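Undergrad: Encoded as structure tokens, here's the structure I'll be asking about.
The values are calculated or read from the model by the stated rules, or taken from the named source; none is laboratory data. The structure displayed is predicted, hence computed values, not measured ones. For neighbour counting, all protein chains shown are included, and Cβ atoms are generated from backbone atoms with ideal geometry for every residue, glycine included.
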Amino acid sequence: MKRVKQILPLILVILTVLNAYALEPLKDSTDVLMDPQAKTTINKVDKNNDGKVQKAEDQTLWTAKGSYDVNQDGALDLEELKCIPGRHVDSPGKKLLNVIFKQTPQSPVYFDFYFPDKDMSSEKPVVIFTHGGGWAAGNKDKAGSGSFNVVHRALLKEGFCVLSVGYRKVAKDGSTAMRDCVIDSKDALRYISAYRKELGIDPNKIYTFGDSAGGHLCQMVLLSPPDSFKGDPELAKYSYQTVAGVSWYGPCDFQDPELFNGSTRFAGRIMGGTSGPTDKAARYREISPVIYLTKDSPALLMIQGDKDTTIPVKHAYRMQEALKTIDAPVEILIVKNSGHNFKSVDAPIEPTRDEIVKQTIQFFVDHYKQEAKREN
């Protein structure tokens, strides 16, 4: 009995270590996600410290979510907030929502996975969507909002799957950095590669899409080698290949501050975290999509606004400069009169948002058809 008591702690340690490197199950984990999200909302909004969100504390939230006040007490408590669903792509197809694909020291990391309207193929292509928000805000629900929902709905009709990743955000305490956002996005693809049979996908038919910070991540995932930016050791065993991607107003190079009009506001978001090179120049270089360009790079459509002050159009010109020496398959569309998020500045944007959306969809469809022809 004494020996059993001595061995038991060792067994528990071994089981803990083994579990840390085991694949997370492919399942909905909404119950795990909603608790911390609800607590975050209360911590952010609860001004009188009663553990609830009163109508007077956040009128906008109440207008949108007040119907979840089940007990009609004029406040949303933790349990009621946990019942509020996220925004999702408006799709009639099968969905796997709030899937935990890995554990990290900060938190579990989630994604939403959408199947095509007509799920016919066992080797379906996948579009990974990386949301914007300055690497420090936003969430995977953006896939179902506005123009992003329109793009994703069209692609689901065309037979693509859509993977929306809730990567870790850059933390104010410096525990995470931009490279962790890249790592999580790549680990999401490694995870679906591990479950390729269950999902019926082809991990060698990966397409990328994102806006702003997500446009940067879209470029990083598309252009950098699939085996770079390794994260979870178990997921590192699985591979994928990218085919084409579309970046909406995402930066391509952090090495020259002049590309951001002299601003260094992203320095802390680049240099944080506990992994990667410690040298500043090396860290800025590794997080710059333009350095990964080769003549054999996957196809990229880069769309930038000519009056964007958040991510200046200089990034489009930087990419054009690189293309003078590297014959990579990159197309650049500069939107006239456009600020960040394609907001009009002084005059209507040209091309229009609807035209940008159509061109984005067509880019994916055309490259998928080209790949199909090559295979045949």
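Residue by residue, here is whether (1) more than 14 Å from the chain's Cα centre (by Cα); (2) farther than 24 Å from R353 by Cα; (3) modelled with pLDDT under 95 holds:
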residue	(1), (2), (3)
V109	no, yes, no
M120	yes, yes, yes
H131	no, no, no
G134	no, no, no
V151	yes, no, no
S164	no, no, no
K169	no, yes, no
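Undergrad: Quick one: count up the residues across the stretch 48-74 that are surrounded by 11 or more Cβ atoms within 10 Å (Cβ to Cβ) and either hydrophobic (A, V, I, L, M, F, W, C) or assigned to a loop (DSSP other than H, G, I, E, B) (or both).
TA: Selection size over the stretch 48-74: 13.
Undergrad: Can you list the helices (runs of 4 or more DSSP H) lying wholly within the stretch 242-361 that have 1 or more residues being among the β-branched types (V, I, T) and farther than 18 Å from Y207 by Cβ?
TA: Where helices (runs of 4 or more DSSP H) fall fully within the stretch 242-361 and carry at least 1 residues being among the β-branched types (V, I, T) and farther than 18 Å from Y207 by Cβ, they are 267-271.
Undergrad: Taking only the stretch 199-225 into account, find how many residues are closer than 22 Å to W135 by Cβ and over 16 Å from the mean Cα position of the chain (by Cα).
TA: 1
Undergrad: Does D180 satisfy being more than 22 Å from P92 (Cα to Cα), among the acidic types (D, E) and touching a residue at least 40 places away in the same chain (Cβ under 8 Å)?
TA: yes
Undergrad: Of the residues V32, V13, V17, only one is part of a helix (DSSP H, G or I) and at pLDDT 85 or above; which?
TA: On the way: V13 fails: at pLDDT 85 or above; V17 fails: at pLDDT 85 or above.
On inspection, the qualifying residue turns out to be V32.
Undergrad: Examine the stretch 211-224 for a residue that is farther than 19 Å from I287 by Cβ and touching a Phe, Trp or Tyr at 6+ places or on another chain (Cβ under 8 Å), and state whether such a residue exists.
TA: No: zero hits.
Undergrad: Moving on to the next point. Can you find, within the stretch 317-376, the residue that is nearest to the chain's Cα centre (by Cα) among those that are surrounded by 13 or more Cβ atoms within 10 Å (Cβ to Cβ) and on the phi > 0 side of the Ramachandran plot?
TA: By that ranking, first place goes to N341.
Undergrad: Before we move on, is L97 within 21 Å of R196 (Cβ to Cβ), surrounded by 15 or more Cβ atoms within 10 Å (Cβ to Cβ) and touching a helix residue (DSSP H, G or I) at 6+ places or on another chain (Cβ under 8 Å)?
TA: yes
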